Amino acid sequence: MALINVKNISFSYGARIIFSQISFCVEPGQVYCLLGPNGCGKTTLLDCVLGFLTPDEGQILIRGKDSALCRSGWLSKSMSYVPQNHEGTFPYTVFDMVLMGRAAHIPFFSSPSPDDKDISWEAIEQVGLTEMAMRPYTLLSGGERQLVLIARALAQQAPVIIMDEPTAHLDFKHEFIVLETIMNLVRTRGLALVISTHFPNQAYYFESHQIPTTVAMLHKGRFIHSGPPDQVLTKDGIRTLYGIDSTIVSFDNNGAPLKHVIPVKTLDSEGERP
Amino acid sequence: MSLSQVFAIGVEGLFYPFQNHTDIAYAVIMDIRLPRAIIGALVGGALAVSGTAFQGLFKNPLVSSGILGVSSGAGFGAALGILLFHRVSATYPLALFFGMFAVFLSYMIGRIYQKTPAIMLVLGGVIVSSVFSALISLVKYVADPYEQLPAIVFWLMGSLAGAQLEDLSIAGPPIILGALGLYLVRFRINVLSMGDKEAHTLGAHMGLTKALVIVCATLATAGAVSVSGVIGWVGLIIPHIGRMVVGNDNRILIPVSFSMGASFLLLIDIASRVLTGSEIPIGILTALFGAPFFVYLLKKTKGRGW
């Protein structure tokens, strides 16, 4: 059974149609990459999947249950969420932040049990932040904060993690640290991952580590292409989605081929740029 | 009078409460000072704990216990009570009712959008507060300027001077119920402070938690305001002082806020009685004493996690 099964959903803000007739499935152990320019509706689509927004039409099945009818506890135990960035109002410690991932597992009027704390410590260890666990979250760097949010998602122990541009504000090094952490988690824990991103190369990165990867291109409210990176992230695909002429290169990364999209030139005549 | 005498009278009152006591010292301690101290502690605790809860709920450290209009609503209720019934005792139930009614209105305004986003609630609170402030002005305008108007003005300044044992039966239950409710959901307040979307994805019953926090904080604040009048500052600043001392985790901060608020108001109440010959309204002193203390704490703890 698919973890997430989205069937023909449409969403609009008033008269403005954000997307229509979107369908896709996410299987265990799979990475589902959502590509598209800014403002194309990636975040709205993820919000619908998370149950935070209700689509105008269509149905979303989460582990076989209609998402509109499930209790929020079921949704939280099925999907965890890593936002693009989290503006911390209160400087909770890293540990307190991660512990909040246990909320769905804790009886309503209770506080976290020792088991919940153990699970949180383990999640912190997995992302390599053990030494910072008692530091205020707000004093960490952007990349470290993103790792905290990932640890929180892990503590939630849901089979799917949904990430909305998790590397959007990170520097070169931290983008890679976050990516590597995510990749290891998918591989070792068999998690499924839905990730919206601006970097097509991230899909190739997952693929080169033998993770079943699907790329979907959201353009003008529809999926124009979806499938394995090889078939979607082509020169044509990149041209339609971003209005950019590009070339796809492949090099040998210790025996595993790693592909890369290299942008070459913007196209003016297409009128495709947002 | 020595401390041991006070203690002895306390013990006597505890074990033989129904004996006929004629002692003046006994009357002062058991009938005047003790009820006032208990009510003061409850009021301070209630204001501080609901301020903490609201700051978490609205993820805004500038929010205080009066954010959803409870103070203005209660103020209007009290003013109306003084205007219509000429008796201070009439103010309690009316203040309690209008305090809660004001929050209900704010909540309904916030519900215009289906999901009750925090920002709409705050806006609802601003609207309702301004309406009730206008109504308070109206009541002041039509009140008898020699007796009613001063009574209203004094009530709005906040005071524990009239506190009696009977007031406990009005203010006690909502304050204790509200504070207890907030204590039970204190971990959920952490989760709510992550913002609407993250709170939704983190888990379980966000709408219910929000409503519960609002109901509990309102009960506690309305109970407090109905006996003490409007006492500012406590519900805004005590939560911050708590954060400086024990950190941000509401699991610890909620009980600490209550106890700090209670202690703070007790101290201020004592100061209000002994500083000058006549009593100074406590609402004035909370700010005059609290502000420098807060600045001192800011200076002392700067950069440490708060």
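Taken together, the values in this text are just the output of simple stated rules run on the coordinates, not laboratory data. All values reported here derive from a predicted model rather than from experimental measurement. Neighbour counts are summed over all protein chains in view; Cβ atoms, including those assigned to glycine, are modelled from backbone coordinates with ideal geometry.
List of remarks:
- Built amide H within the under 5 Å cut-off of A:Tyr81, gap 5+: A:Ile162
- R0 of 30 Å, Cβ-Cβ distance B:Ala287-B:Leu177: FRET efficiency to nearest 0.05: 0.60
- Cα gyration tensor shape for the stretch B:39-297, rounded if a/c is under 1.5, else prolate or oblate: oblate
- Of B:Ile127, B:Ile237, B:Ile29, the one that fluctuates the most in a GNM where chain B has Cα springs shorter than 10 Å: B:Ile29
- Label-point separation, A:Ser12 to A:Gln231 (7 Å along Cα→Cβ), nm: 3.1 nm
- When the charge dipole of chain B is built from unit charges on Cβ atoms (+1 for Lys and Arg, -1 for Asp and Glu) and taken about the Cα centre, the candidate among B:Val128, B:Thr201, B:Ala217 whose Cα reaches farthest toward its positive end is B:Thr201.
- Mean ellipticity per residue at 222 nm, deg cm²/dmol - from DSSP H runs of n ≥ 4 across chain B, formula -39500 (n - 2.57): -24000 deg cm²/dmol
- Tensor-based shape of the protein assembly as shown (alpha-carbon gyration tensor, a/c under 1.5 rounded, otherwise prolate or oblate): prolate
- In loop segments of the stretch B:69-131 as defined by DSSP, the chymotrypsin sites (Phe, Trp or Tyr not before Pro) with at most 16 further C-beta atoms inside 10 Å of their C-beta are B:Tyr113.
- Hydrophobic, long helices, defined as DSSP H runs whose alpha-carbon span along the helix axis is 15 Å or greater and whose mean Kyte-Doolittle value is at least 0.0, occur in chain B at B:3-15, B:34-57, B:70-85, B:91-110, B:118-142, B:167-184, B:206-228, B:234-246, B:250-274, B:282-301.
- FRET E, pair B:Leu3, A:Ser110, Förster distance 41 Å, beta-carbon r, rounded to 0.05: 0.45
- Three-way shape label, the stretch A:4-266, alpha-carbon gyration tensor, a/c 1.5: oblate
- Longest DSSP-loop-exposure-free segment, trypsin sites (Lys or Arg not before Pro), chain B, at most 12 other Cβ within 10 Å: B:88-301
- Distant-in-sequence amide contacts of A:Ser246, defined by a placed amide H-H separation under 5 Å and a gap of 5 or more residues or a different chain, comprise A:Val264.
- Positive-end residue of A:Ser120, A:Ser78, A:Leu35, charge dipole of the protein assembly as shown with Cβ unit charges: A:Leu35
- The modelled label-to-label distance between B:Glu279 and B:Leu208, using points 7 Å beyond Cα along the C-beta direction, is 4.4 nm.
- Selection among B:Leu34, B:Ala171, B:Ala46 by position relative to the dipole of chain B gives B:Ala46 as farthest towards the positive end (Cβ unit charges, Cα centre).
- Cross-link partners of A:Lys259 among lysines (Cα-Cα below 23 Å; sequence separation of 8 or more within a chain): A:Lys173, A:Lys235
- Length gained on full extension, B:Asn60 to B:Ser137: 24.8 nm, using 0.36 nm per residue less the C-alpha separation.
- Charged side chains reduced to their Cβ positions (Lys and Arg at +1, Asp and Glu at -1) give the stretch A:4-266 a dipole of some 560 debye around its Cα centre.
- Simple label model, 7 Å out from Cα along Cβ direction - A:Thr54 to B:Ser130, nm: 3.2 nm
- R0 of 51 Å, Cβ-Cβ distance A:Leu267-B:Arg111: FRET efficiency to nearest 0.05: 0.60
- Separation between Cα centres of the stretch A:133-164 and the stretch A:39-108, rounded to whole Å: 14 Å
- Reach of B:Lys197 by Cα under 24 Å, taken over lysines that are not fewer than 8 positions away in the same chain: A:Lys7, A:Lys42, A:Lys65, A:Lys77, A:Lys117, B:Lys59, B:Lys115, B:Lys210
- Along chain A, longest interval not containing exposed GluC sites (Glu not before Pro), exposed being DSSP loop plus at most 15 other Cβ atoms within 10 Å: A:88-269
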